[in-house]
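The structure under discussion appears below in the form of structure tokens.
The values are calculated or read from the model by the stated rules, or taken from the named source; none is laboratory data. Note that the structure is predicted; figures quoted are calculated from it, not measured. Positions of Cβ are backbone-derived with ideal geometry, glycine not excepted, and every protein chain shown enters the neighbour counts. Quick note on the areas: whole protein, heavy atoms, side chains included, nothing else; ligands and nucleic acids left out. Shrake-Rupley method; radii C 1.70, N 1.55, O 1.52, S 1.80 Å.
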Amino acid sequence: MTHAPVPAALEGGRTLLTRARILEAARQELGRDPDSGLGDIAEAAGVVRRTVYGHFNGRAALVEGLVEEAAQALRRALAAPRGQAADAAAELALFVLAVWPVGDRYRILLRLAPQDLGPERVVEVLAPARDMAETIIARGQRQGAFQAGIAPVVLARALEGHLLGLLDCVNSGLWSDDGTGTATAALIAMGVDAQRASTCVHGLVRPGGDAS
């Protein structure tokens, strides 16, 4: 008795699901141990090493798969509607609240060795967020909401370092946040009064707020 061939669409769906399962296992295993090998990841994904190699031809390709997944998630977060911000401070808070969950999910990438993730690739992935942050900061400076005297591009890089530093603190167990504390700290770093920053962020995330 012969079996009917599996439809191409169904087979393609299974392939994508297997690839996604491998990437999820890689994210978790590398988070547990940055030196995890393909064998550890294959075991965690419930597949054999040959299956992993069928999707990724080595560790570098697997890490690149995670990087591309993170890049896509970041682009979606930046493109998602965030409502109308009353001013640049609220706009920057909404920006941080949007990107923080993506960074938190993929923060294990910060723990990988430099050779696993080249600096040029990091620049490419973060470029859309850098551009948006710079635009918001420039607007805030024109409004008098953010500190002046420092070029927006420099402040945008400082904000990026601030967020990456907090994500690394999450990796180290020194920081735990749903994004509200991070957004508040970001506004304070831009020169917003601490009380105003806290009021702004909590006004956005409260029930019925713009970010809820």
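Take 103-113, 72-82 and order them by the average number of nearby Cβ atoms within 10 Å per residue, most first; the result is 103-113, 72-82. Accessible surface calculations at 1.4 Å, restricted to protein heavy atoms, place segment 1-147 at 55 Å² per residue.
For the pair segment 36-108 and segment 110-136, the centres of their Cα atoms are 12 angstrom apart. Using Rg and Dmax of the Cα atoms in Å as the read-out, say which of (1) 20.2, 59; (2) 20.4, 79; (3) 19.3, 59 was calculated from these coordinates. So the calculated entry is the one marked (2).
Accessible area per residue, 1.4 Å probe, Å², for segment 153-212: what's the number? Before the final figure, lay out the partial values.
Working: 3010 Å² over 60 residues.
Here the per-residue accessible area is 50 Å².
Roughly to the nearest percent, how much of the accessible area of the chain is carbon and sulfur, given a 1.4 Å probe?
Working: 6340 of 11350 Å².
Result for the chain: 56 percent of the exposed heavy-atom area is carbon or sulfur.
Neighbours of residue 187, meaning other residues whose beta-carbon lies under 12 angstrom from its beta-carbon, give a summed charge of -2 when Lys and Arg score +1 and Asp and Glu score -1.
What is the sum of charges around residue 49, taking Lys and Arg as +1, Asp and Glu as -1, for the other residues whose C-beta is under 11 Å from the C-beta of residue 49? Walk me through the numbers before you get to the answer.
Numbers: positive: 50; negative: 40, 43.
Summing Lys and Arg as +1 and Asp and Glu as -1 gives -1.
Ellipticity at 222 nm from helices only: DSSP H runs of n ≥ 4 in the chain, each -39500 (n - 2.57), divided by the residue count, give -23000 deg cm²/dmol.
The P(r) of segment 8-88 has a tail past 18 Å containing 49 percent of all C-alpha pairs. Quick one: plug the Kirkwood hydrodynamic radius of segment 98-212 (C-alpha pairs) into Stokes-Einstein at 25 °C, 0.890 mPa s, and report D in µm²/s. In µm²/s, the coefficient is 161.
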